[in-house]
Amino acid sequence: MADSKASLSIDGKVIAELPILSGTAGNDVIDIRTLGGAGYFTYDPGFLATASCESAITFIDGGKGILQHRGYAIDDLAKQADYLEVCYILLNGEAPSKEQYEEFKNIITNHTMVHEKLVHFFQGFLPDAHPMAMVCGVVGALSSFYHSDLDINDAEQRMRSAHRLIAKMPTIAAMAYKYSMGQPFVYPRNDLTYAENFLHMMFSVPAEEYKVSPVLARAMDRIFTLHADHEQNASTSTVRLAGSSGANPYACIAAGVASLWGPAHGGANEACLTMLEEIGSLDRVDEFVAKAKDKNDPFRLMGFGHRVYKNFDPRATVMRETCHEVLKELGIKDPLLDVAMALEKVALEDPYFIEKKLYPNVDFYSGIILKAIGIPTNMFTVIFAMSRTVGWISHWDEMLGQPGQKIGRPRQNYIGDINREFVPLKNR
């Protein structure tokens, strides 16, 4: 809703009247869509001050440490709902009734298997290929199995695609892991929960029975929930941009997987474990803390602070509690986990970290949990992608359901040469 207008003046002359739009929460936005008609574009590298869309899915206030999905606080969802209930909320906008939840859970459960021909796609990868490379390729290939059900203008077909992707991503992720380990693929089981099924497909082997720990299953479920969506981040924006061209949902999600792969985005918890390996032992913690405080030292602590949250990461509180539950359940002794806990103590007690709000974030704790469970670091980003699929597909579906949706076409500030004379090759 346009509540007021902003006047843009250049050299004392008003060249445009721009509506100011107010949402239900967050900063107001200046509608600059007509600015091009006046001969100007805006310049905002990284889109740090640009709203690219209207969305009713996720709200973040980084200054206050707020993260809400469809108006529900993330800590309430993580503690009182399971991941599939959060998926329903993101997709449909409301918390489900018991009947709606059971129906949704059954739909997802009955879509977890993949076509047997898809299994053979993995044979084309080298065994040491990064699991994200496999997931990116295989997710894109899913479109070839559902080519008659890809009408993006049909809301029912879009929702069926959403259900398939949410259901099949854990299967594909576990297959990528099993292939890299040289172990046989494990098929999903309909009697297990979403998180239990993922752990079963990851760690079960034909030679012995695998029993899923309720503590570990709950931890995985919370990791899925806490990574389900995070507003207009790089990968979500990538999915939206790809979807704006009319691309099929599987291609769009594959684009999101590719974007998430970067260490500045989904690879953050993997980078956190790499940092812990660099520190190596408890007797070196003080040395590296000093390096982190030194502005002239290039070393940076990974997993502390957050670009968005300037107060605290609301996901980290739940993840910290879950992290300690997992470590207690497993009772394992690992030097890197000892280093992690020592760093956590420093960050929560040292005045330098408190003043600069360099608190442990969700990536710090999720990385420790995944390592403790036995998941290799190259699978961390895959699990992030699996968790975030529901957020990506929810934004994709929302965008396509909005009237007046246009293909994305960012502008630029051109700084290259102009009007150069071309000399034929024979004269050069």
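The values are calculated or read from the model by the stated rules, or taken from the named source; none is laboratory data. Values in this document were obtained by computation on a predicted structure and should not be read as measured data. FYI the Cβ positions are ideal-geometry reconstructions off the backbone, even for glycines, and counts take in every protein chain you see. Areas reflect the complete protein model, heavy atoms only, side chains present, ligands, DNA and RNA absent. Shrake-Rupley method; radii C 1.70, N 1.55, O 1.52, S 1.80 Å.
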| task | Could you list, in sequence order, all residues of segment 346-373 that are touching a helix residue (DSSP H, G or I) at 6+ places or on another chain (Cβ under 7 Å) and assigned to a loop (DSSP other than H, G, I, E, B)? | result | Leu358, Tyr359, Asn361
| note | Of those in segment 66-76 that are open to solvent by 10 Å² or more (accessible area, probe 1.4 Å) and assigned to a helix (DSSP H, G or I), the residue farthest from Ala316 (Cα to Cα) is Asp76
| request: Residue by residue through segment 166-185, note down the ones that are farther than 25 Å from Val86 by Cβ and either open to solvent by 10 Å² or more (accessible area, probe 1.4 Å) or hydrophobic (A, V, I, L, M, F, W, C) (or both). | output: Tyr179, Ser180, Met181, Gly182, Gln183, Pro184, Phe185
| said: Regarding segment 56-65, can at least one residue be identified that is at pLDDT below 95, surrounded by 15 or more Cβ atoms within 10 Å (Cβ to Cβ) and at positive phi? | reply: yes
| Has segment 358-366 got any residue that is closer than 19 Å to Ala268 by Cβ, open to solvent by less than 10 Å² (accessible area, probe 1.4 Å) and among the aromatic types (Phe, Trp, Tyr)? | yes
| Cross-chain or 6+ apart pairs with Cβ under 6 Å, segment 396-423 first and within 13 Å of Asn153 (Cβ to Cβ), then open to solvent by less than 100 Å² (accessible area, probe 1.4 Å) and assigned to a loop (DSSP other than H, G, I, E, B) | Met399/Gln405; Leu400/Ile152
